[in-house]
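K.L.:
Mind looking over this structure? Questions follow.
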Amino acid sequence: MQVERLKLNYFRNYESLRLAPGGGLNVIFGENAQGKTNAVEAVFLCAFGRSHRTPRDAELISSGMSGAYVGLDVMTRAGSRSVEVKLRDGERKQLFIDKAACERSGELMGVLNVVMFSPEDLELVKGGPAERRRFLDMELSQFRPAYYFALQRYNKALRERNALLRPEAVKERTGEALRRELYVWDEQLITLGADIMQRRAEFIGKLAAIAARLHREISGGRESLALAYDPNVKPNGGGLEEAFADALYGGVAEDIRRGYTNSGPHRDDVAVSLSGGSVRTFGSQGQQRTAALSVKLSELELLREDRGEPPVLLLDDVLSELDELRQRALFEAMHDCQSFLTCVSLEGLKRAGMDMSNIPAFLCKNGTLTAV
Ligand SMILES: Nc1ncnc2c1ncn2[C@@H]1O[C@H](COP(=O)(O)OP(=O)(O)OP(=O)(O)O)[C@@H](O)[C@H]1O
Ligand SMILES: [Mg+2]
């Protein structure tokens, strides 16, 4: 996959940008706060319909302006596609695929596959379960749009069920009425939740196999990395729906007491361990970095296998965080990908042994990109 054209109007600090990137590595370099991350954020926005750093779309519009536009053309195995995002202050964003308006943001999933590497990836192993669920949800969604739709419906049903569990709502109803109303949402949660758990288990299984292999290579055979799905609802040998139903029905009293739904895939986690010990608690900084890199590289590998073509890579500020061995692993993995790499200066790349003579490099300055 390859972004052929990127066009921005009043996006962040870009007033107007027209970029025709190369098919391999593209370097965006410049001082702090000039717009490097903003540029990769725009590509990310076209892949997921949302920013990787803010849930508030209004922040993406240049300050003082009432709207913004991001558009790109991507060449895929299936032909050329265009993705456009139109933002208007105070209105819902509009997404267009090949000029046709999307009714639902999920339609965008998988049109442009992107893997983003950033220093925050460390949170994948260092952070809490919510970080890992976020990773799972994003990556699975771009693999399988059906997952995204199931997740959206699950979250909606969960919000409705939790609204019924709030003390004010509980007080307003008889015990029987409450249980009857909860039951409606329980049924939806069980069907959708089981589907989500099933898909997560499969995805993590595939990811784990690749991550173990890659990590062995990057660590020179010294460490073994294991990823394992750690679902909140344990199947206990039976079916997923049955197990989730048992947890929901058995937990009603507790849910009412606490005022929210205690069991379900919204409490899932992924266990990440190195040679048997949890990376989160026992790993050194370096080990955590390598583990995070292995997980992201596995995502890249899995997308490549599944799609039959490599995704587009966004590498924001990551090079300086990696030692030579890990840099090499990254460069090797991205040999056939189009990538956008941001850094402060070209010196680091030259030091990493990169021959810059044939690599498009753009100097980023105050919301402009100039080819050098
Ligand atoms: N909505 C907006 N309107 C105008 N300018 C904005 C908007 N949002 C962010 N900016 C500006 O964009 C700049 C930050 O851009 P960005 O995060 O891309 O920097 P960067 O080049 O990646 O820097 P660093 O090297 O520190 O990561 C800041 O100067 C910020 O004020
Ligand atoms: Mg930045």
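The values are calculated or read from the model by the stated rules, or taken from the named source; none is laboratory data. Here the structure is a predicted model, which means the values were calculated and not measured. When we count neighbours, we look across all protein chains shown, and the Cβ atoms used for this are built from the backbone with ideal geometry, even at glycine. Accessible surface is based on the protein model in full, side chains and every heavy atom, while ligands, DNA and RNA are left aside. Shrake-Rupley method; radii C 1.70, N 1.55, O 1.52, S 1.80 Å.
K.L.:
Build a GNM of the chain with springs between Cα atoms under 10 Å: which of ASP57, ASP89, ASP355 gets the top mean-square fluctuation?
P.N.:
Top of the fluctuation ranking is ASP355.
K.L.:
Looking at the chain, how many pairs of lysines come closer than 28 Å at the Cα, when each pair is eight or more places apart or spans two chains?
P.N.:
So the count of such lysine pairs works out to 28.
K.L.:
Treat each spin label as a single point 7 Å out from the Cα along the C-beta direction, and report the SER275 to GLU242 distance in nm.
P.N.:
Here the modelled spin labels are 4.1 nm apart.
K.L.:
Compute the long axis of helix 324-333 from its Cα atoms, compare it with the longest principal axis of the Cα atoms of the chain, and write down the angle in degrees, 0 to 90, nearest 10.
P.N.:
80
K.L.:
For a quick check, take a GNM of the chain with Cα springs below 10 Å and name the residue from VAL344, VAL40, VAL70 with the largest mean-square fluctuation.
P.N.:
So, out of VAL344, VAL40, VAL70, the one fluctuating most is VAL344.
K.L.:
Is the chain best put as rounded, prolate or oblate by its Cα gyration tensor, with a ≥ b ≥ c the root eigenvalues, rounded for a/c under 1.5, and otherwise prolate when a/b is larger than b/c, oblate when not?
P.N.:
It is oblate, given that a/c is not under 1.5 and a/b is not larger than b/c.
K.L.:
For ALA371, put the label point 7 Å out on the Cα→Cβ axis and report which residues of the stretch 26-63 keep their amide N under 17 Å from it.
P.N.:
Counting backbone N atoms under 17 Å from the label point, the list is 26-29.
K.L.:
Please calculate how many Å² of accessible area the chain carries per residue, with a 1.4 Å probe and no DNA, RNA or ligand atoms counted. Could you put the intermediate results ahead of the total?
P.N.:
Numbers: 17280 Å² over 372 residues.
Value returned for the chain: 46 Å² of accessible area per residue.
K.L.:
If you roll a 1.4 angstrom probe over the protein chains with everything in place, what fraction of the accessible area of the chain belongs to carbon and sulfur, to the nearest %?
P.N.:
Values: 8380 of 17280 Å².
C and S atoms contribute 48 percent here.
K.L.:
While we're here: Using θ = phi - 60° and the Karplus curve 6.51 cos²θ - 1.76 cosθ + 1.60, what whole-Hz ³J(HN,Hα) does each residue of the stretch 26-41 get, with Gly and Pro shown as x?
P.N.:
Going residue by residue, I get 10, 9, 10, 10, x, 5, 5, 6, 9, x, 5, 5, 4, 5, 6, 4 Hz, with x marking Gly and Pro.
K.L.:
Another one. Report the label-to-label distance for ALA212 and GLU254 in nanometres (one decimal), using points 7 Å from each Cα along the Cα→Cβ vector.
P.N.:
Label at ALA212, label at GLU254, 3.1 nm between them.
K.L.:
Points 7 angstrom from Cα along the Cβ direction at GLU31 and ILE97: gap in nanometres?
P.N.:
A separation of 4.3 nm, rounded to one decimal place.
K.L.:
Given springs between every Cα pair under 10 Å in a Gaussian network model of the chain, which of LYS206, LYS99, LYS86 has the largest fluctuation?
P.N.:
LYS99
K.L.:
Counting only helical runs of four or more DSSP H residues, what would the 222 nm mean residue ellipticity of the chain come to if each run contributes -39,500 (n - 2.57) and the total is spread over all its residues? The partial results should precede the final answer.
P.N.:
Values: 12 runs with 163 residues, N = 372.
Per the formula, -14000 deg cm²/dmol.
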